[in-house]
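Asker: My questions all concern the structure below.
The values are calculated or read from the model by the stated rules, or taken from the named source; none is laboratory data. No experiment lies behind these values; they were computed from the predicted model shown. As a convention, Cβ positions derive from the backbone with ideal geometry for all residues, glycine included, and neighbour counts pool all protein chains shown. Areas reflect the complete protein model, heavy atoms only, side chains present, ligands, DNA and RNA absent. Shrake-Rupley method; radii C 1.70, N 1.55, O 1.52, S 1.80 Å.
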Amino acid sequence: DDFGARLLGDANGYTLHFDPTTPTRFLWPTGFGAPHVVRLSGDAALWRDEAAGWRVASPALRIDGVGYGADVRGGLWFQGDGTRPVIDLAADIHDAHVPVAKRFWPKHVMSPEVVRWLDTALIDGVVAGGRAVVSGDLDHWPFQPHDGQPAPGVFDARATLRGAVIQFQPDWPQATRMDADVAFIGNGFTVGGKAALADVGVREFS
């Protein structure tokens, strides 16, 4: 809800050139909860759609947060009818420490039990090579198939865990030296790789 940028525009639309020296505050209480303070680098365009509403998009927007970052391209279509926007975004996620992920749970579509487990389980390690794509009308989030019909959109986020430490249960030994591939698809996720449990090697798990 706060940002610094240079605005250029005319009757057809506007261009925002973000000032990377000015912190931007992003607030989504029902989703992420706590606000995120980031710095934005790049340009974004805003124009009125010929059908209805407004579109905002960027060919290359860099986001630098505290302990994380991303290079994003794509945009949003605000249809002007009081509904949620249509989104088409792709992101390359910079490498970050595993506990940083706790700040990005979409809590409004995740059960409290899952959020509590993830917050407790993720101890250490690095998330590397992250990529994410989200495309569709957010009125249908989290884009699940229904009544035999294909999903109305795509949410696909993938990354690799390196040297992760996971506490599956409070009375279990920690899983250490975990190298694994993680995929968040729709409203679920999968993880598979290798690790050690109580210093006993686990060649493969999923």
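Asker: With every protein chain in place, what's the accessible area of residue 47 (1.4 Å probe, Å², nearest 10)?
Answerer: 90 Å²
Asker: Then there's this: Compute the orientation-averaged projected area for segment 10-93 from the convex hull of its Cα atoms and round it to one decimal in nm². List each step's numbers first, then the result.
Answerer: Values: hull surface 25.7 nm².
That works out to 6.4 nm², a quarter of the Cα hull's surface.
Asker: What does the helix-only formula give at 222 nm for the chain: each DSSP H stretch with n ≥ 4 adding -39500 (n - 2.57), the total divided by the residues, and the result rounded to the nearest 500 deg cm²/dmol?
Answerer: Working: 1 runs with 10 residues, N = 206.
Calculated at 222 nm, the ellipticity per residue is -1500 deg cm²/dmol.
Asker: Sticking with the crude label model, points 7 Å out along Cα→Cβ, report the distance from residue 204 to residue 102 in nm, one decimal please.
Answerer: Each label point lies 7 Å from its Cα, and together they span 3.3 nm.
Asker: Hey, another quick one. Percent of Cα-Cα pairs more than 16 Å apart in segment 65-166, please. Show your work: numbers first, answer last.
Answerer: Numbers: 3428 of 5151 pairs.
Summing the P(r) of segment 65-166 above 16 Å gives 67 percent of all pairs.
Asker: Cα atoms only: what Rg and Dmax, in Å, come out for segment 152-206?
Answerer: Cα only, segment 152-206: 12.9, 44 Å (Rg, Dmax).
Asker: Another question, then. Taking the solvent-accessible surface of protein heavy atoms with a 1.4 Å probe, what is the per residue accessible area of segment 66-206 in Å²?
Answerer: With all protein chains present, segment 66-206 gives 59 Å² per residue.
Asker: Using a cut-off of 15 Å between beta-carbons, work out the net charge of the residues near residue 114 (Lys and Arg +1, Asp and Glu -1, residue 114 not included).
Answerer: +1
Asker: Can you tell me the orientation of helix 112-121 relative to the chain, as the angle in degrees between its alpha-carbon axis and the longest Cα principal axis, to the nearest 10?
Answerer: That helix lies at roughly 60 degrees to the long axis.
Asker: So what is the relative contact order for the chain, in percent, with contacts set as C-alpha pairs under 8 Å and at least six apart? Provide the component values of the computation, followed by the final result.
Answerer: Numbers: 507 pairs, mean separation 23.9, N = 206.
Reported as a whole number, the value is 12 percent.
Asker: Kirkwood hydrodynamic radius (Cα pairs, Å) of the chain?
Answerer: That comes to 19.0 Å for the chain.
Asker: Could you tell me what a quarter of the Cα convex hull surface of segment 6-54 works out to, in nm² with one decimal place?
Answerer: 4.7 nm²
Asker: Length gain on complete extension for the stretch residue 71 to residue 146, per 0.36 nm per residue less the alpha carbon to alpha carbon distance?
Answerer: Additional length available on full extension: 23.8 nm.
Asker: Could you compute how much accessible surface residue 21 exposes when probed at 1.4 Å, giving the result in Å² to the nearest 10?
Answerer: Rounded to the nearest 10, the figure is 100 Å².
Asker: Mind checking the log10 I(q)/I(0) for segment 108-205 at q = 0.16 Å⁻¹? Debye, one equal scatterer per Cα, no solvent, two decimals.
Answerer: Results for segment 108-205 at q = 0.16 Å⁻¹ read -0.78.
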